[in-house]
Amino acid sequence: MTAFLTALLAILSFIFSLEDESDDRRADKLTDDVVIPVEDETPLDEEEEFSDDDFGFKDEPEDDEEDDFISSLTEDMEEDDEEEELSEEEQLERFIEDMQPEINPNTIISRKRQLTDEEKQLFTYFVAVPGMKEQLVDVLCDVQKGAADKTSQTGNVIVMGGRETGKTRLISSLIPAICRELNIEASKVAYIFGVINENLNGKNIAEIASKLAGGFLVIENANQLSQETADELDEVMNGNTKSMIVILEDEKIGMRKLIARYPKLAKKFTSMINIPVFTNDELVNFAKVYTMENGFRIDQMGMLALYNLIGINQKEDQPMCIGTVKTMLDNAMAKAQGGLFKRSKKRVDRDGFTVLLEKDFS
């Protein structure tokens, strides 16, 4: 029995010894997995030098803005030194020049390319004529640009049309429209016929221009200008006239002759108004405006009578014009003011206008 127990103990001790060896092997294996191999370190040579490239650094470019700033400061300092050398009077002059720079005529802001309500009232019945609004706007824009120059080399106007088409009336409306455009409260105006040397009694163009400086010189029947007068006018317009505006007026044929005869002078007239032949409707529209300006109003039957009268007198070789219609209206208004109905209430409407009837046009 004792021998059996001794043998059993020997077997158990052998088994336990095998288990201890396996545990030691596992521990050694885990240790091998965790350990990180370390590279051999080589000692640095004290005399070895390293560049910035070895560490990934690059030379930064020079700062251009900083250089510009420094150079600007240097220039300012130099300017300050120059200003110190200037006298007080010279410094004051320079200051005034900086505060009041020269005005460039090309920077003038152009007006809107349409007539205002006030301008439409000035030009009355001309506004309803096809093409007239565009011509009027072109003239006002051109005059505005020419105002920057103190001479009369630009911004002058040609007005032409058939006989008795309202050229003078149009000019009388154009002048106040230009004054409003240029913010001029009032201006000098002179109406002169083309034969200037006969109408002026020995006076010359230069004297007229000096008196009309900044105003308007209207030359009617401009085709009658002589060579000497045209040359003198051209020379005067080159001088300082304070932007005096010259307006030439004549019929189409006469104006074409003038332009062909004096091309040098004609170049100074940079805008033109060509009044067309009026239609029957445009003539009746003129009649409405003209009679109301004189305190009259045409009733419906009177309007039909006027249409008929214009149609009868309308001819191809001699079309009806404003002058002829104006004569008809003057006769009708004179007739309405006479006779038994002179003070009749039937002749006056509720707005206070004297009414023109059909019989006034017969």
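Read the figures in this text as sums done on the coordinates, not as results from a lab. All figures in this text were calculated on a predicted structure; none of them were measured in a lab. Every residue, glycine as well, gets a Cβ built from its backbone with ideal geometry; the counts of neighbours run over all protein chains shown.
Kindly put S243, S362, S172 in sequence by how many other C-beta atoms sit within 10 Å of each C-beta, fewest to most.
Ordered by Cβ neighbours within 10 Å, fewest first: S362, S172, S243.
Tell me, what HN-Hα J-couplings in whole Hz come from the Karplus equation 6.51 cos²θ - 1.76 cosθ + 1.60 at θ = phi - 60° for each residue of the stretch 234-243, using x for Gly and Pro?
4, 5, 5, 5, 7, x, 7, 10, 6, 6
Search the structure for amide H atoms under 5 Å from the amide H of R297, placed 1.01 Å from N in the peptide plane, and list their residues when 5 or more places away or on another chain.
Here the answer is T354, V355, L356, since their amide H atoms fall under 5 Å of that of R297.
If you count, for each residue, the other Cβ atoms within 10 Å and average over each peptide, how do 271-284, 292-305 line up from highest to lowest?
271-284, 292-305
What are the residues whose amide H is under 5 Å from the amide H of G155, where those residues sit 5 or more places off or on another chain and H is modelled from the backbone?
T270
From the square roots a ≥ b ≥ c of the eigenvalues of the alpha-carbon gyration tensor of the stretch 137-272, which class results: rounded (a/c under 1.5), prolate (a/b over b/c), or oblate?
Working: a/c = 1.41, a/b = 1.13, b/c = 1.25.
Taking the square roots of the gyration eigenvalues as a ≥ b ≥ c, the stretch 137-272 is rounded.
Counting other Cβ atoms within 10 Å, keep those with at most 14, restrict to DSSP loop, and tell me which trypsin sites (Lys or Arg not before Pro) in the stretch 120-198 are left.
K150, R163, K188
Rounded to the nearest 0.05, what FRET efficiency do A260 and F353 have when you use their Cβ-Cβ distance and R0 = 51 Å?
Calculated transfer efficiency: 0.60.
Bins of 10 Å, beginning at zero and ending with the bin holding the largest distance: percent of Cα pairs per bin for the stretch 114-187, please.
17, 55, 25, 3
Is the C-alpha gyration tensor of the stretch 260-336 telling us rounded, prolate or oblate? Criteria: a/c under 1.5 is rounded; beyond that, a/b larger than b/c is prolate, otherwise oblate.
Note, shape of the stretch 260-336 comes out prolate.
N294 to D117: FRET efficiency via 1/(1 + (r/R0)^6), r the Cβ-Cβ distance, R0 25 Å, to the nearest 0.05?
0.65
Based on Cα positions only, what radius of gyration and what Dmax would you give for the stretch 210-293, in angstroms?
Looking at the stretch 210-293, its Cα Rg and Dmax stand at 16.3, 46 Å.
Kindly put K268, K211 in sequence by how many other C-beta atoms sit within 10 Å of each C-beta, fewest to most.
K211, K268
Which pairs, out of K145/K188; K288/K315; K167/K267; K145/K326; K211/K267; K257/K335, put more than 32 Å between their alpha-carbon atoms?
Over 32 Å apart, Cα to Cα: K145/K326; K257/K335.
Could you tell me which of rounded, prolate or oblate describes the stretch 289-329, using a ≥ b ≥ c as the square roots of the eigenvalues of the alpha-carbon gyration tensor, with rounded for a/c under 1.5 and, failing that, prolate when a/b is larger than b/c and oblate otherwise?
oblate
Tell me, what HN-Hα J-couplings in whole Hz come from the Karplus equation 6.51 cos²θ - 1.76 cosθ + 1.60 at θ = phi - 60° for each residue of the stretch 319-329, using x for Gly and Pro?
Listing the rounded values in order: x, 5, 10, 4, x, 5, 5, 4, 5, 4, 5 Hz.
For the stretch 206-362, what is the per residue volume of the convex hull drawn over the alpha-carbon atoms, in cubic angstrom?
Per residue, the Cα convex hull of the stretch 206-362 comes to 165 Å³.
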